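In what follows, a single structure is set out as structure tokens and then discussed.
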């Protein structure tokens, strides 16, 4: 039977979780949308309503899982202060995490279908009188009128002569490329441009890998995010389970810094699991023992396995009240 | 020394040494093998390890500081007394001194070491190139060239006994074949050079030559005197008389061979004076082979060759140098000033600078008007940089006609094709504009400032250079701020073990720097986004202001968090 103080703790836990999740979501979505806005060099221009909505929605899905994971970790650390009712609090954390994943993903799916198609895509800003270099095509436009550049000097590696003039080039925002109009048209994806200002906003290797894994994780939920889809619910539940299981890591040793950093490392590993499980080599390997249908459950299976392993480790740990007395003297 | 400072120094040094050892082992695996000479093996590994170590020094420092205040100053030791800030003040001074040293390292030592590593790679590539050229010459029994190439190789790899033996052998065989020649090396050295600066002393030489019936020399000296003093009537007369004598000389006392030599010299000299430079060069070169001791030939051939070198390069220079290590894929706008209407773009496939000059392969240039009309378009297989222009035509030594000429795909009607292409940037600048030029990461602050100045002049945006400069300026601040935060975090979450942690925890300690590396990369990336945004919005001066303000705020917060720590 829960006492009033414990109920108060539980209620506070619930409120804190919801507020933290909302705060982290707002922070991450705003930061991602701002970076995206700057990447397309729209500084000084307030985004029109539809563009702003589109930006926020596009930024939303990749930030959902990081926000939930950070919220869950912070909640788990706050549980260290609980003297009683931890089991119920852990159960509540698991439920809140699972429900958050489920409903935010369904919400994101809904918003993407409703809002995104309304807005025109953003294009990276190219300036005239700047020499841009890419893998095979380098170019220098003399003048610009909106998305049209004319004339354009082009240098193509491997052609003879390498230099030529295109009377016009058009920036295609849909494909994110530049189309050079001439006797024979050329197309250049702006991602390949090496010295565009937008390269400044590309993340370094470690961060890029993290973003990649987050993106893969987010895309794992983007199909059939419905309450009647068992696969979706299974994935959400298994992810919530493994995140809640990090409780074991949170109190793993009597060195809090080590526990915190190890939990962050484990959270990073959870994101990496999404990427690793979906990589062709691992799928080929798993294909030896799993059928195609079973392969769909590889990711939830991996999370459940990891959770079970963490639970086994918890058996080896000293009782929580011992740990708490040694660490915080209480 | 205070305990906290001593603890921090000892822990930092230990972590630094361990990290450097890890990077050294990693560099051993990265060693490019046959690409680097054996003699550079150790230095290359150390330089590479140093570069990697400095690149990751901020997370390493964060780990060291956190470890010092979390693991080694944790529970179980005697409880400290007094305010925490007072206790760690000496450690803060250590952090500040370390920050100063770090500034020097990233500002000077790291670029110098990166440059040294690139030099090792460059010299290894050059040595390989010289060795191949030497071996090729050796097999072709071109002993003099083999000696030159092997000497170049041994200047880099002086301990190579095998090549020393081959050099000695090439020298011996070269001497044997030279002993059959009548002429010595002096045969082709210039007879004498024009050192007189006044017309009278030149006229004295002209008179002397005229009295000896050496009309070619008389004409030569009188012409130079006339160039110096066009109003001198005696010089005008002397030129006229010498020309007449050359046209109808009294050859009665000479034998047939001397007559023929005189006629050939007169023809060559006349060709030179009529600006038929390549023909004159060819004729004097042939005369030099036939009459190596002739005074006139010895005098005029070097001068004609010098004149040729002003309008063309010698193809053997290209053959000897263009495969040497250099910069590839250079592209720039030659007149990037906006508003002039016309634009010239220049592409160079490969640029090599050696002791004898700067050589290019695959030069192409195009000028267009504001309406996109091509004003000229030229291609040249090779070129040599000389006094602000690339000579685009090449002549074989002693050749009559250029072997390489520029190919004008488009040229203005009625204008003669130019044998040279004028360019604004110097060879040193051009090397900064290629694919293999210095990267922003390894460039020194000085190089970055040069690039910031150069880039807009050659059509590139200075945005990326300014961003690199901003990020470089940020590093010392990051080092100090991260260290201060690490002290607070380490102390707040210090270990609660009475003695050392259990073995599994110790085994997992290397996870900490790995996670910190990701956190540090994220911290660095956030700054990059902020600086990049401000640069786009307001330029470099505003970005500098923002860097200083943001770092001041972060420093204040770090110190405030430190001050808020409890000692117990």
- Tell me, yes or no, whether the stretch A:129-149 has at least one residue that is on the phi > 0 side of the Ramachandran plot and surrounded by fewer than 17 Cβ atoms within 10 Å (Cβ to Cβ). yes
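Considering every residue within the stretch B:471-479, establish whether at least one is within 40 Å of the chain's Cα centre (by Cα), assigned to a helix (DSSP H, G or I) and facing chain A (nearest Cβ under 10 Å).
yes
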- Query: Hey, among A:264, A:241, A:286, which residue is touching a helix residue (DSSP H, G or I) at 6+ places or on another chain (Cβ under 6 Å) and within 14 Å of chain B (Cβ to nearest Cβ)?
  - Reply: A:264
- Query: If you check residue A:299 against the conditions, is it surrounded by 13 or more Cβ atoms within 10 Å (Cβ to Cβ), more than 30 Å from residue A:84 (Cα to Cα) and in contact (Cβ under 8 Å) with a residue 60 or more places away in the chain?
  - Reply: yes
- Message: Residues to consider are B:278, B:332, B:313; find the one that is buried (at least 18 other Cβ atoms within 10 Å of the Cβ) and within 14 Å of another protein chain (Cβ to nearest Cβ).
- Response: B:332
- Query: In the stretch A:224-246, is there at least one residue being assigned to a loop (DSSP other than H, G, I, E, B), at pLDDT 90 or above and on the phi < 0 side of the Ramachandran plot?
  - Reply: yes
- Query: In the stretch A:317-330, how many residues are within 25 Å of residue A:239 (Cβ to Cβ) and either without any contact (Cβ under 8 Å) to a residue 60 or more places away in the chain or not in a helix (DSSP H, G or I) (or both)?
  - Reply: 1
- Note on the structure: Within the stretch B:497-507, residues at the interface with another protein chain (Cβ under 7 Å from one of its Cβ atoms) and outside any loop (DSSP other than H, G, I, E, B) come out as B:505
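Does residue B:5 meet the test of being within 28 Å of residue B:556 (Cβ to Cβ) and within 14 Å of chain A (Cβ to nearest Cβ)?
no
Table: residues versus (1) touching a helix residue (DSSP H, G or I) at 6+ places or on another chain (Cβ under 8 Å); (2) surrounded by 17 or more Cβ atoms within 10 Å (Cβ to Cβ); (3) part of a helix (DSSP H, G or I).
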| residue | (1), (2), (3) |
| --- | --- |
| B:416 | no, no, no |
| B:421 | no, yes, no |
| B:425 | yes, yes, no |
| B:429 | yes, yes, yes |
| B:439 | no, no, no |
| B:446 | no, no, yes |
| B:465 | yes, yes, yes |
- Note: among B:362, B:372, just one is at positive phi, free of Cβ contacts under 8 Å to residues at least 40 places away in the same chain and part of a strand (DSSP E or B), namely B:362
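Being surrounded by 15 or more Cβ atoms within 10 Å (Cβ to Cβ) and either under 18 Å from residue B:323 (Cα atoms) or at pLDDT below 90 (or both) narrows it down to one residue among B:178, B:187, B:198; which is it?
The unique qualifying residue is B:187.
Here is a yes/no grid of residues against (1) under 22 Å from residue A:139 (Cβ atoms); (2) more than 14 Å from chain A (Cβ to nearest Cβ); (3) modelled with pLDDT under 85:
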{"position": "B:363", "(1), (2), (3)": "yes, no, no"}
{"position": "B:379", "(1), (2), (3)": "yes, no, no"}
{"position": "B:405", "(1), (2), (3)": "no, yes, no"}
{"position": "B:419", "(1), (2), (3)": "no, yes, yes"}
{"position": "B:423", "(1), (2), (3)": "yes, yes, no"}
{"position": "B:427", "(1), (2), (3)": "no, yes, no"}
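Quick test for you: out of A:271, A:258, A:221, A:232, pick the one residue that is within 18 Å of the chain's Cα centre (by Cα), buried (at least 17 other Cβ atoms within 10 Å of the Cβ) and within 12 Å of chain B (Cβ to nearest Cβ).
Within the list A:271, A:258, A:221, A:232, the selection yields A:271.
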- Filter result (within 13 Å of chain A (Cβ to nearest Cβ) and either more than 26 Å from residue B:538 (Cα to Cα) or in contact with a helix residue (DSSP H, G or I) (Cβ under 9 Å, 6 or more places away or on another chain) (or both)) within the stretch B:448-463: B:451, B:454, B:455, B:457, B:458, B:460, B:461, B:462, B:463
- Taking the stretch A:178-218 as the search range and keeping residues that are away from every other protein chain (no Cβ under 14 Å) and assigned to a strand (DSSP E or B), which one is farthest from the chain's Cα centre (by Cα)? A:186
- Message: Going by what's in this entry, would residue B:547 be described as within 15 Å of residue A:34 (Cβ to Cβ), in contact with a helix residue (DSSP H, G or I) (Cβ under 9 Å, 6 or more places away or on another chain) and crowded, with 17+ Cβ neighbours inside 10 Å?
- Response: no
- Query: Looking at the stretch A:129-147, which of its residues are touching a strand residue (DSSP E or B) at 6+ places or on another chain (Cβ under 6 Å) and farther than 18 Å from residue A:164 by Cβ?
  - Reply: A:147
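One line per residue, one yes/no per condition, for (1) crowded, with 19+ Cβ neighbours inside 10 Å; (2) farther than 30 Å from residue B:495 by Cβ; (3) within 14 Å of chain A (Cβ to nearest Cβ):
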{"residue": "B:520", "(1), (2), (3)": "yes, no, yes"}
{"residue": "B:524", "(1), (2), (3)": "yes, no, yes"}
{"residue": "B:528", "(1), (2), (3)": "yes, yes, yes"}
{"residue": "B:537", "(1), (2), (3)": "no, yes, yes"}
{"residue": "B:540", "(1), (2), (3)": "no, yes, yes"}
{"residue": "B:554", "(1), (2), (3)": "yes, no, no"}
{"residue": "B:558", "(1), (2), (3)": "yes, no, no"}
{"residue": "B:564", "(1), (2), (3)": "no, no, no"}
- Determine whether the stretch B:429-436 contains at least one residue that is within 22 Å of residue B:328 (Cα to Cα) and over 25 Å from the mean Cα position of the chain (by Cα). no
- Looking at (1) assigned to a helix (DSSP H, G or I); (2) over 34 Å from the mean Cα position of the chain (by Cα); (3) in contact (Cβ under 8 Å) with a residue 40 or more places away in the chain, which is the one condition that is false for residue B:550? (3)
- Out of (1) at the interface with chain A (Cβ under 10 Å from one of its Cβ atoms); (2) surrounded by fewer than 18 Cβ atoms within 10 Å (Cβ to Cβ); (3) outside any helix (DSSP H, G or I), the one residue B:494 does not meet is (2)
- Those residues of the stretch B:128-161 which are under 18 Å from residue B:317 (Cα atoms) and not in a helix (DSSP H, G or I), in sequence order: B:142
- Is it the case that residue B:10 is surrounded by 14 or more Cβ atoms within 10 Å (Cβ to Cβ) and either part of a helix (DSSP H, G or I) or without any contact (Cβ under 8 Å) to a residue 12 or more places away in the chain (or both)? no
- Could you list, in sequence order, the residues of the stretch A:140-156 that are within 37 Å of the chain's Cα centre (by Cα) and facing chain B (nearest Cβ under 7 Å)? A:140
- What number of residues within the stretch B:20-50 are assigned to a helix (DSSP H, G or I), touching a helix residue (DSSP H, G or I) at 6+ places or on another chain (Cβ under 6 Å) and touching a residue at least 60 places away in the same chain (Cβ under 8 Å)? 5
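For residue A:15, indicate whether it is within 30 Å of residue A:75 (Cα to Cα) and at pLDDT 80 or above. Reasoning before the result, please.
Numbers: within 30 Å of residue A:75 (Cα to Cα): yes; at pLDDT 80 or above: yes.
Judged against the criteria, residue A:15 is a match.
The values are calculated or read from the model by the stated rules, or taken from the named source; none is laboratory data. Quick caveat, the model's predicted, so the values are computed rather than measured. We place every Cβ from the backbone using ideal geometry, glycine too, and count neighbours over all the protein chains shown.
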